[in-house]
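First comes the structure, then the notes that go with it.
Bear in mind these aren't lab numbers, they're just calculated from the coordinates by the rules spelled out. These numbers were taken from a predicted model, which means no experiment stands behind them. Here the Cβ is made from the backbone with ideal geometry for all residues, glycine too, and neighbour counts use every protein chain on show.
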């Protein structure tokens, strides 16, 4: 039987195991993108770890000592730091594989409308709940990120990203469900409900869905930008 102290670590490792195993599939060799992927994971990861540390100190959320090994970096369990490596790797892998398997961009015509709708909703939710740290920060950050990618950059990959994120939500609900208390006695990660909307899907705060979207979107955006930049250099005479 698994020692409860290794639960969070096990979730990290299980999340990345299959994507890592299939990264060397010859027809869609994801491992070839590791050079750019490393940057695409580390930059947002650093931002989110700083954010995580800040919110942990504020008491917006915290971690159950029962389910972590006790090793920490600042106020964060080592498992939480690994989360920002393992989860992004798995999510970007799903994005890449879905692009390989689904050749057509089914949301190409509706991409801009979806993006602008998300920006508007995120701004409204963030401003209307500016007294709640998790809600305001997540939704306003998502609005800002989407504005840069859709309006300033006018990136064409967002349609494929939205479709892949719908696929990502399935394992997201499993992993995040366990972390927030589904199927176990106590949550691995607890939330101060005065700092969020108090709306949950099962045990998962609604903000987590948009927090995850923001993180994955940053990972994918940086990867796409680096790949585009490299391709542009290669085709120049």
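Quick check of the Kirkwood formula: for region 145-214, what is the inverse mean of 1/r over all pairs of different Cα atoms, in Å? Please report the intermediate quantities before stating the final value.
On the way: mean 1/r = 0.0731 Å⁻¹.
For region 145-214, the Kirkwood estimate is 13.7 Å.
What do you get when you divide the Cα radius of gyration of region 1-54 by 2.2 N^0.38 Å, with N the number of residues?
Values: Rg = 14.8 Å, N = 54, 2.2 N^0.38 = 10.0 Å.
Rounded to two decimals, the normalised Rg is 1.48.
With no solvent and one equal point scatterer per Cα, compute the Debye intensity ratio I(q)/I(0) for region 78-147 at 0.15, 0.25, 0.27 Å⁻¹ and report its log10, rounded to two decimals.
For region 78-147, the Cα-only Debye profile gives -0.74, -0.98, -1.00.
For Cα pairs less than 8 Å apart in space and 6+ apart in sequence, what is the mean separation divided by the residue count of the chain, i.e. the relative contact order in percent?
26 percent
If R₀ is 35 angstrom, what is the calculated FRET efficiency for the pair residue 69 and residue 22, using the beta carbon separation as r and rounding to 0.05?
0.80
What distance in nm separates the simple spin-label points at residue 131 and residue 85, each placed 7 Å from Cα in the Cβ direction?
The modelled label-to-label distance comes out at 4.1 nm.
For region 1-44 and region 213-231, what is the separation of their Cα centres, given in Å?
Cα centroid of region 1-44 versus Cα centroid of region 213-231: 17 Å apart.
In whole angstrom, note down how far apart the Cα centers of region 170-200 and region 45-118 are.
Cα centroid to Cα centroid, the span is 14 Å.
Exposure proxy check: 110, 221 ranked by fewest other beta carbons within 10 Å?
110, 221
Taking square-rooted eigenvalues a ≥ b ≥ c of the alpha carbon gyration tensor, is region 29-117 rounded, prolate or oblate, where a/c under 1.5 means rounded and, failing that, a/b exceeding b/c means prolate?
Prolate.
Under a crude label model (7 Å from the Cα following the beta-carbon direction), how far is residue 42 from residue 228 in nanometres?
Spacing of the two 7 Å Cα→Cβ label points: 2.3 nm.
Over region 80-221, what per residue volume does the convex hull of the Cα atoms give, in whole Å³?
With only Cα atoms used, region 80-221 gives 108 Å³ per residue.
Based on the Kirkwood radius over alpha-carbon pairs, what is the Stokes-Einstein translational diffusion coefficient of region 56-102 at 37 °C with 0.692 mPa s viscosity, in µm²/s?
Details: Rh = 12.7 Å.
Answer, rounded: 259 µm²/s.
Quick check on the chain: helices-only [θ] at 222 nm, where DSSP H runs of length 4 and up contribute -39,500 (n - 2.57) each and the sum goes over total residues. Nearest 500, please.
The per-residue figure over the chain is -21500 deg cm²/dmol.
What is the P(r) of the chain, as percent of Cα-Cα pairs per 5 Å bin from 0?
Taking all Cα pairs of the chain, the binned fractions are 1, 6, 13, 17, 20, 17, 13, 8, 4, 1, 0, 0, 0 percent.
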